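Notes for the one structure printed next.
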Amino acid sequence: MKVKYKYINNLKTAYFDEGKGKPILIIQGWLLSKECFIPLVNNLKSNYRVIVPDMPGFGDSEGFERDHTFENYLHFLKEFVNKLGLKKVVLFGNSLGGTFTNLFSINYPEKVDKIIMRAPLYYKKQFSIKYRNKFSKTLLKGFSKYAPGRSVLARFIKRKMLKHISKNSDLLKNKSGLVSREEIVNSIKRNFYEKTYKPAARDLIFEAMEVDLRKDIKNINKKTLIIWGDEDELLSNYWGENLNNLLNKSVYIEIKGSKHSVLSDDETIVAEKIKEFLNES
């Protein structure tokens with residue numbers, strides 16, 4: 001699959017652009033790249049124009065000089081859509097990409113045709129205590145590829161980050177006794193910034209820890225398809241049903257045996273569900 005490049009806000013951006021027809025813009029999740037979506041692109045490109053950028057700081061795209069924030073990514077996506085001459089797009093957001101999909105739809109509804117989200121993150125409490133241990137395994141597996149000093153990173157995440165990330169009270173208890181959430185977050189940031197290799201990954205995880213789009217999502221007035229795996233080990237499918245109740249024009253489906261990783265699915269099934277949704281008037 002041919003990789004194309006454009007400069008978006010002075011950042012060299014790599015992307016796939018395959019097929020013809022109604023444009024579908026796929027927005028990757030955390031630690032992913034455009035290559036993760038090749039099976040899905042191949043299943044959709046005969047009917048649609050499918051565009052998959054490497055978001056700034058991931059894959060083959062340059063990162064922001066500083067501050068990989070939701071706001072900067074939102075501005076990047078708007079400029080990317082404009083540079084490609086797209087009047088309206090179907091947005092497909094995967095996991096953290098679903099966060100960007102929601103933000104884009106809230107801020108630029110005139111640019112959005114329909115919305116598809118696969119297990120999106122929209123509320124910080126989705127990192128529930130019930131799924132804390134499985135979440136830790138997912139993080140450790142992903143970060144081992146991106147950060148130097150795996151053993152140091154593993155000890156740090158286990159000791160600091162994962163013990164506290166899913167707690168919801170203002171005061172959290174660790175071996176040192178009671179400390180404030182702010183103290184813990186600041187400690188995580190100091191250590192994380194020193195030891196993490198990918199600036200985009202380190203910045204976005206802290207944005208994700210504070211996200212709450214529930215109120216704004218209620219104002220989205222676009223037809224939306226929500227896809228969730230019934231065996232999602234990171235974000236419980238409870239949150240898919242919750243999101244479906246928040247949105248005005250949504251359809252919610254679960255894929256049997258599907259987990260959180262985009263690579264765990266039979267993308268033929270996902271593609272067929274997308275085609276069915278987009279073919280509806």
Pull out all pairs, ordered by first then second residue, where Cβ-Cβ is under 6 Å, the residues are six or more apart or on different chains, the first lies in region 209-226 and is touching a residue at least 40 places away in the same chain (Cβ under 8 Å) and surrounded by 16 or more Cβ atoms within 10 Å (Cβ to Cβ), and the second is aliphatic (A, V, I, L, M) and assigned to a strand (DSSP E or B). Lys222/Val112; Lys222/Ile115; Thr224/Ile115; Leu225/Ile116; Leu225/Val251; Ile226/Met117
Being modelled with pLDDT of 95 or more and of a type in the set (Lys, Arg) is the filter; apply it to region 2-11 and report the residue that is surrounded by the fewest Cβ atoms within 10 Å (Cβ to Cβ). Lys4
Determine which single condition Leu40 fails, assuming it passes every other condition in (1) part of a helix (DSSP H, G or I); (2) touching a Gly at 6+ places or on another chain (Cβ under 9 Å). (2)
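Determine whether Gly63 is crowded, with 22+ Cβ neighbours inside 10 Å and touching a residue at least 60 places away in the same chain (Cβ under 8 Å). Please lay out each step first, then the result.
On the way: crowded, with 22+ Cβ neighbours inside 10 Å: no; touching a residue at least 60 places away in the same chain (Cβ under 8 Å): yes.
Judged against the criteria, Gly63 is not a match.
If you scan region 68-91, which residues turn out to be part of a helix (DSSP H, G or I) and either of a type outside the set (Lys, Arg) or closer than 20 Å to Leu278 by Cα (or both)? It would help to see each step written out before you state the result.
Within region 68-91, the first condition is being part of a helix (DSSP H, G or I), and the residues that meet it are 70-83.
Within region 68-91, Phe70, Glu71, Asn72, Tyr73, Leu74, His75, Phe76, Leu77, Glu79, Phe80, Val81, Asn82 qualify.
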Screening Ile205, Ile226 for residues that are under 24 Å from Asn279 (Cα atoms), under 22 Å from the mean Cα position of the chain (by Cα) and either at pLDDT 90 or above or of a type in the set (A, V, I, L, M) (or both) leaves only Ile226
Got a number for residues in region 8-37 being assigned to a helix (DSSP H, G or I) and either of a type in the set (Lys, Arg) or not assigned by TED's automatic domain parsing to the domain that holds Arg118 (or both)? 1
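The values are calculated or read from the model by the stated rules, or taken from the named source; none is laboratory data. Keep in mind the model is a prediction, meaning the values are calculated, not measured. Methodologically, a virtual Cβ is constructed for each residue, glycine included, from the backbone with ideal geometry; neighbour enumeration extends over all protein chains shown.
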